[in-house]
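First up is the structure itself, then whatever we jot down about it.
Quick note: the coordinates plus some simple rules give every number you see, no bench work behind them. A quick note: this is a predicted structure, and the numbers were derived from the prediction, not measured. When we count neighbours, we look across all protein chains shown, and the Cβ atoms used for this are built from the backbone with ideal geometry, even at glycine.
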Amino acid sequence: MINRRNFLKAGFLSSSVLVLSGCELFSVTTPIQTIKILQYDLFPHAKKLGVNMSKYLQIILSHSRIDEDEKKHIKNGIKWLNEEAIKLFGKAYIKLDSLQRQKVLILISQTRWGDRFINRMLTYIMEAVFSDPVYNVSSGSGWEWLNFKTGLPQPKEALL
Amino acid sequence: MIYDICIVGSGAGGSPIAYELSKAGFNVVVLEKGKNYTEADISKDELAVSRRDKFIPMLKDEKHIINEIDEDGNLTRFDGDEYNWNFWNGSMVGGSSNLMSGYFHRMKPNDFKLKSVYGDIKGANIVDWVISYEELEPYYEKVEHIVGVSGKIEKHKFLEPRSTKEFPYTKLFENGVTTWFDKTCKKLSLESFATPRAILSENALDRKGCEYSNFCGSYACATGAKGSARAALLQKCSAKIIPEAFVYKLDSDEKKVTFAHYYDKDLKSHSIEAKIFVLSAQAIESVRLLLNSKNKHFPNGLANTNKQVGKNLIFSAGGSGSGRFDFKDLSKERQDELMQVGLFFNRSLQDDYEFEEDGKKYKGGTTDFLFEHQNIISRVSREFYDEGGNILWGDTLRDKIHNRLTTSRKLTFEVFNDWLPTDKCFIGVDEKEKDKFNTPVGVINLYGHPHDLEVGEKLAQKAVKVLKEMGAKDITYSISSAPPPNLVAGGCRFGDDVKTSVLDKNCKTHDLDNLYVADASFMPTGGSVPYTWTIYANSFRIADEILKVIKSYTNPH
């Protein structure tokens, strides 16, 4: 059962996103539902590395240094991604098969907002993959993958 | 309690004065807006330091207004919070010197007499300094010993005169690629030399030597090897430091500053009384405090009778570039050298510090070479696009990242040349916008003189030539008027003429008998090197002057 603190932390990711088809309300989703699928569509290697970006987002999006505008951009991106999926295949993004989802990504990548949304999501994925193990999101598997030696000393506690 | 000296700001400008005056037995208090960290608090956490800017204020609380002015005088206004653009550098005890790379170059003798040697340039307010290189030289030397500068003197065309033969600390260990670089420069008849660094190469000065732990620039040093104002000076003296103290106003009568008022972290106001006040909050903030301290004696702001405060803001002009070395072009031995991390690539070129064209002498600058910063998230993020500018994802992105980061490495360069002072580049305060302290925010009016770009371009092309000859690929560079926020100076220039300067030769304000400004604000021109060594040296010089003054009416305790 989700406790109050975790609920508040997850608040934004569990908030409602109204997805429209034309002017009609098509469905209601949450950012986390889409992000759980989208992260591995964008960077499937993260799964192999054992990194879950949605877990990282729960930490970072509750931090004081992430402002409301950033959350709004993410939420809008999720909404528009789903609306493009509906326009193209008549279904919300998470209801599509993998090939269809890639076609939606290709389509949105050619738009300004889509390019920025993918870039934003990839940035969070990379922050998760290459974060210090102290954040409990990545074990350092991303660093090993790239033979990367981090700077020393490593943090003793998460500062976010 | 009445302090002998109250210093506002604890970076490279204020700390030498705190160090010298407290060592001489005077009561010194340092007010610093940021927190006080020790070596034990420091780690190389990219997420906290570089991605979430742990060491600068949140822009929704404290921002700048930035006005960009183009050649035709058109102005574009940017709200720093909205555009995520700021000029903060390091809000912490020791200031931005904690986060510097410590590339230490002295200014050259001719930098002190730019107008006399190179003449006027239309649209630029070039003047000679009121002190000479010879007057500052003993203090450059003092910094080498007290702050700690490591390096090796190598003769070159523009090596400045020195009172000592060698640096007190031997040069740091270097990456093997420096030997390829030196050979190439020799072939091109260029005189490369090891960049002096404000980093101890051995245990000394009651500090540890460099442990080559990777991630140096942009990060505070966990060993104390880097010569930050905190590690080298404030931790070595008895000056009282009050962290998380934002000074919002100075009070004065007609002749003297009387009180500094500050807010603590709970926004509770406090006051400090002192005999002498020193401003060293970094050029923009020092000017802002003066302008925000208007009173009946100084209706334009403190020390601003002649409306010179904030004028002639300068940065370091120039830009940066890079080239990539790829495994496929290298022997196994060279591949291994390329991927050595932790070791420094300390190389500089100053062959064009001065150059001639059509029989006229021009001021050039410095080019420092270094490897791309090790920040992994930033490096990976730079691979998100293909050559056509299309965003990548999936396995294509995975393969590109892996290939780029495991079989190639970028060597970068930074060009430093004079940012000419002009009437269009200055600091003010906003009449409406206030920060979380309810204090008017700083306004930065930006203008880069076209001449700066021409010089930067010349230096960059020389650097590109070196990279090409070394066999680098994907060479790119950018010379622009974008101001580097960590290389800011001017705004309270020193001079003999009260009508065109704010400070006298000793960096005391013309208007007030007990107010000094000791950060880079005093610089009327900036030289073509990073400023920190000169700021430190000048502050030690001011410390000597303040000692003379204070000893004339007070005994040490």
For this session: Return the FRET efficiency for the residue pair B:Lys152, B:Thr179: r is the Cβ-Cβ distance, R0 is 22 Å, and the value is rounded to the nearest 0.05.
Result: 0.90
Exercise. With r defined as the distance between the Cβ atoms of A:Glu24 and B:Leu188 and R0 fixed at 51 Å, what FRET efficiency is calculated, to the nearest 0.05?
Worked result: 0.15
For this session: Report, by chain and number, residues whose modeled amide H sits under 5 Å from the one on B:His105, excluding near sequence neighbours (fewer than 5 apart, same chain).
Result: B:Trp533
Exercise. Taking 0.36 nm per intervening residue step and subtracting the Cα-Cα distance, what contour gain separates B:Asp329 from B:Asp61 on full extension?
Worked result: 91.5 nm
Exercise. Once amide H atoms are placed 1.01 Å from N in the peptide plane, what residues at a sequence separation of 5 or more from B:Ser480, or on another chain, have their amide H within under 5 Å of its amide H?
Worked result: B:Gly318
Exercise. By per-residue mean of other Cβ atoms within 10 Å, what is the highest-first order of B:329-335, B:345-351?
Worked result: B:345-351, B:329-335
Exercise. In degrees, nearest 10, range 0 to 90: what is the angle between the Cα axis of helix B:177-187 and the longest Cα principal axis of chain B?
Worked result: 80
Exercise. Taking only DSSP H segments of four or more residues, each worth -39500 (n - 2.57), what value at 222 nm results for chain B once the sum is divided by all its residues, to the nearest 500 deg cm²/dmol?
Worked result: -6500 deg cm²/dmol
For this session: Can you list which of the GluC sites (Glu not before Pro) found in the range B:215-307 are DSSP loop residues with at most 16 other C-beta atoms within 10 Å?
Result: B:Glu254
Problem set entry | Proximal lysines relative to A:Lys47, as straight alpha-carbon distance under 19 Å, when same-chain residues fewer than 8 apart are discounted | A:Lys36, A:Lys55, B:Lys400
For this session: Obtain the nm distance between the two label points defined at B:Asp128 and B:His557 by a simple spin-label model: each point lies 7 Å from its Cα along the Cα-to-C-beta direction.
Result: 4.3
For this session: Give the angle, between 0 and 90 degrees and rounded to the nearest 10, that separates the Cα long axis of helix B:133-143 from the longest principal axis of the Cα atoms of chain B.
Result: 80
Exercise. How many Cβ atoms of partner chains, on average, are near each residue of B:230-242 if near means within 10 Å of its Cβ?
Worked result: 0
Problem set entry | Between the range B:3-22 and the range B:388-432, the alpha-carbon center distance in angstrom | 35
Exercise. Could you give me the ³J(HN,Hα) list for the range B:100-109, computed from phi with Karplus coefficients 6.51, -1.76, 1.60 and θ = phi - 60°, whole Hz, x at Gly and Pro?
Worked result: 5, 7, x, 6, 10, 10, 7, 6, 9, x
Problem set entry | Partner chain coverage, peptide B:34-42 - average Cβ within 10 angstrom | 1
For this session: Using +1 at the Cβ of each Lys and Arg and -1 at the Cβ of each Asp and Glu in the protein assembly as shown, identify which of B:Ile272, A:Ser141, B:Val464 lies farthest towards the dipole's positive end.
Result: A:Ser141
Exercise. What is the mean projected area of the alpha carbon convex hull for the range B:316-377, to one decimal in square nanometres?
Worked result: 6.8
For this session: Starting from the amide H of A:Ser21, placed 1.01 Å from N in the peptide plane, find each other amide H under 5 Å away whose residue is 5 or more places distant or on another chain.
Result: A:Phe26
Exercise. For peptide A:45-57, how many partner chain Cβ atoms fall within 10 Å of a residue's Cβ, on average?
Worked result: 1
